[in-house]
Amino acid sequence: MDQTHTPATGAYLLSLGIITLLCGYLYYLMEWLFFYFRPSMFSYLDVIHSVAVALVAPLPLVVIGVMAVLLLTVLMLRAPGTIPLIRLPIRHIALLIPGLILACTTFLLIDNFTYTLLRFASPSANSLLVKSVYWLLFIGLVGYLVRRLMPAMSYLATHIALQRQLSTTCAVLLSLSLVMVWLSYQSPQVIAHIPAQSAVQVQPESPPNIIVFSADGVNSNHVSVYGYARQTTPFLEQIGNESMVFHHHWTNSAKTTGAMGAMLSGKYPTRTRVIFRPDTFRGQDMYQHLPGLLKQAGYFNIDITLRYYVDPVDLKIRNGFDYANRRHVSSRHNDIRKVIVQRWPDSVQFWEETWQRLYQRLAHLTGHAPMAYPHQLVSGDLDIPKGFSDRDRVNQLKTHIATAPRPYFANVHLLGPHGNKFAYETPVFTDTKHQPQMWMLDHYDNAIHQWDTYAQEIYQLLIERGELDNTILIFTSDHGIGHSIDQTLPLLIRFPHREPSGVVVQPSQRVDIAPTLLGYLSLPIPEWMDGQDLLATSRVPKPIFIATSPDEQIVGMGEWKSAASVRAPFYTLGTLSMALCGRLYSLNLNQPEAVALTHTLVHPPDNRCGQRALSQQQAYQMLTRHLSEMGYDVSTLPAQLN
């Protein structure tokens, strides 16, 4: 390179690096503001930790971005020609990187703005025409911003004073980021509590496959195998005598998020603080769960549920599933990533949240991965898009039964009975599928019957493949109709070769499912699980704790419902209930200064319970003791009920 070009080239490279770095920080600043001022992961962090995340998160983007633009510039500085459409000289091709970052920032801002004003955003685009308009907008933004960056680059390269000022700003930002990397580092003492990958092996020579086949919002008093007059579950009745049929089975959460988290972790939602969105698993809870233990034992883990609310990747269940809702996830957990996640978990979660916000929109607009509104999918008030129906979920399960590595664990959750309108294929107890009103129980029964029909299809497929007696089948639900908790749920488990089988009337709960499976497989049940092995003869009655989300909820971008306010001391916990000896005691925490306790009889007490109804004060003390043991600050609660 000619000596006379060196200063100009150096100034150009420095200016390009400055602009790229500032664009990266701007992108994450806008995303941080979006998350910080709404219920999100930052609701659990104090201001200092939140700012630390905002400064650590941009580092990978700015480091990679700056290195990429500098390398491209050096390679293309002498290249002739121009890129058509945006009329960008090839020697300035590196400007596409900061231009793309700015375009992504602007695109998300526009999406937020149009949704706030018009309730319409890129996830709403379903026709080819509307998607094309969005792509023209995005490409136009890239072209426009790159063109605007060219004169800015020239100006900065020729104004040394401004260049020095911005260089100082960039140096300060990078220094602050590096300091926050050091301050937010998780010490090895904390990480030591996360179970290491061990060579645990299942004891049976041919370990059974496991299928959890659940449906949303099913009360046991609408299931004919439990005595309901309508024959809503003729197939479950047929296999009832070859299964363990559990009566008085309780949820641990009124919301699917908490109920699914309880089943997969074996922990109370009050322990993991996973009750309702925006909750996710945090700390060691990200690694302490049933799928992780099964994975260590050689299982291939499959999740076929719903994004956002119960998807294991969205809920930050790490090192658990190999496949989740149409995407393979096992490659996400290599050793380097695991080290980073364990040491900077909050920053990694912010990276993932921001990436998903952008990726899901662009993937939806390309048709690669259609994006549906989860809240609308479960409420049943629109035609379900292709690929998101219960039939699609059942077909996915059938495909995995045929192709998945053995042994496998499949967690499948159907949404037909969720309501407020119910989805099913064939009406049985009505003449048509028309539902002029919400919560029509005849249609609710139709949806339960459809779940039963799907269950029979899976059972028959296993027979045809000769795998029925090498598969554990679990049929259950997450919570009662309309997110109720004052009704018990179905739980039937068919073990290989029909053993064990029978009827169990002693109360059980969602957190018992994980230790029951581990006990059957002769795997050790970890002490951190709150549940009991339902097959153990030594099981004793114990209180069952149930979390309910706050009364106030919001529906945000993409019709994704979450708690309206997440703040200390109880965050997404609105009511804590306790089921004991057939009675349900509920402590309303929505207004901690005016707590109220109610109770109701749900079912006759188990004959081994031997306890009368608790007094109001006794129940209150047990509930507040549980809160304290789970780490909640109960100092704002009165010592005695009025």
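At 7 Å along Cα-to-Cβ for each site, give me the label-to-label distance between L137 and S167 in nm.
Taking the two extended label points, one gets 4.0 nm.
Any aspartates and glutamates with Cα under 16 Å of the K398 Cα? List them, leaving off those in the same chain fewer than 8 positions away.
By straight Cα distance, K398 reaches D303, D390, D452, E457, E464, E467.
By the scheme Lys and Arg +1, Asp and Glu -1, what is the net charge of all other residues having a beta-carbon under 14 Å from that of Q618?
That works out to +3.
For V218, enumerate residues with amide H under 5 Å from its amide H, sequence gap 5+ or separate chain, H modeled in the peptide plane.
Long-range HN contacts for V218: D478, H479.
Calculate how many DSSP beta bridges within the chain are antiparallel, expressed in % of all such bridges and rounded to the nearest 5.
Counting DSSP beta bridges with both partners in the chain, the antiparallel share is about 55 percent.
Quick test of your reading: applying the under-4.7 Å Cβ rule, which cysteines of the chain are isolated?
Isolated Cys, the chain: C23, C104, C170.
Starting at the first residue of region 20-27, write each ³J(HN,Hα) from the Karplus equation 6.51 cos²θ - 1.76 cosθ + 1.60 with θ = phi - 60°, in whole Hz, x for Gly and Pro.
With the stated coefficients, region 20-27 comes to 5, 5, 5, 5, x, 5, 4, 4 Hz.
Tell me the label-point distance for the pair Q506, N221, using the 7 Å Cα-to-Cβ offset, in nm and rounded to one decimal.
Each label point is offset 7 Å from its Cα along the Cβ direction, giving 2.6 nm.
Below 12 angstrom from the Cβ of T548, what's the summed charge of the other residues (Lys, Arg +1; Asp, Glu -1)?
Local charge sum for T548: -1.
Per-residue counts of other Cβ atoms within 10 Å, averaged by peptide: what ranking do you get for 294-306, 260-272, 417-429, 384-396, highest first?
260-272, 294-306, 417-429, 384-396
Amide H neighbours of D314 under 5 Å, counting only residues 5+ apart in sequence or on other chains, H built in-plane at 1.01 Å?
Long-range HN contacts for D314: Y308.
Determine which aspartates and glutamates satisfy two conditions relative to K267: a Cα distance under 16 Å, and not lying fewer than 8 residues away in the same chain.
Output for K267: D279, D285, D478, D512, E527, D530, D533, E629.
List every residue whose amide H lies under 5 Å from the amide H of V504, counting only residues 5 or more places away in sequence or on a different chain, with H placed 1.01 Å from N in the peptide plane.
Here V245, F246, H247 satisfy the definition.
Quick one: what are the phi-derived ³J(HN,Hα) couplings along region 135-142, Karplus 6.51/-1.76/1.60 with θ = phi - 60°, whole Hz, x for glycine and proline?
Karplus-based 3J(HN,Hα) across region 135-142 equals 5, 4, 4, 5, 5, x, 4, 4 Hz.
Give me the accessible area of H434, 1.4 Å probe, in Å² rounded to the nearest 10.
Looks like 130 Å² after rounding.
Measure nothing fancy, just the Cα-based angle from helix 390-403's long axis to the longest principal axis of the chain, in degrees from 0 to 90, nearest 10.
Relative to the chain, helix 390-403 is tipped by roughly 90 degrees.
Using alpha carbons only, how many angstrom separate the centre of region 583-642 from the centre of region 266-286?
Result: 21 Å between the Cα centres.
Suppose we keep just the alpha-carbon trace of region 468-618; what are its Rg and Dmax in angstrom?
Rg and Dmax of region 468-618, Cα atoms, are 18.2, 55 Å.
In whole angstrom, note down how far apart the Cα centers of region 395-457 and region 487-549 are.
Taking the Cα centre of region 487-549 as reference, the centre of region 395-457 is 24 Å away.
Any idea what diffusion coefficient region 511-554 gets from Stokes-Einstein, in µm²/s, Kirkwood Rh on alpha carbon pairs, 4 °C, 1.567 mPa s?
Estimated diffusion coefficient is 106 µm²/s.
How many angstrom lie between the Cα centre of region 348-366 and the Cα centre of region 293-332?
Cα centroid to Cα centroid, the span is 18 Å.
Using the alpha carbon gyration tensor of the chain, what are the three equivalent-ellipsoid semi-axes (square root of 5 times each eigenvalue), largest first, in whole Å?
49, 28, 24
Using all alpha carbons of region 408-456, what is the percent of pairwise distances in each 5 Å bin, ordered from the shortest bin to the longest?
5, 23, 31, 20, 10, 6, 3, 2, 0
The values are calculated or read from the model by the stated rules, or taken from the named source; none is laboratory data. What you are looking at is a predicted structure, and each value in this text was computed from that prediction instead of being measured. Quick reminder, even Gly has a Cβ in these numbers, built from the backbone with ideal geometry, and neighbours come from all protein chains shown. Note: areas computed on protein heavy atoms with side chains; ligands, DNA, RNA excluded. Shrake-Rupley method; radii C 1.70, N 1.55, O 1.52, S 1.80 Å.
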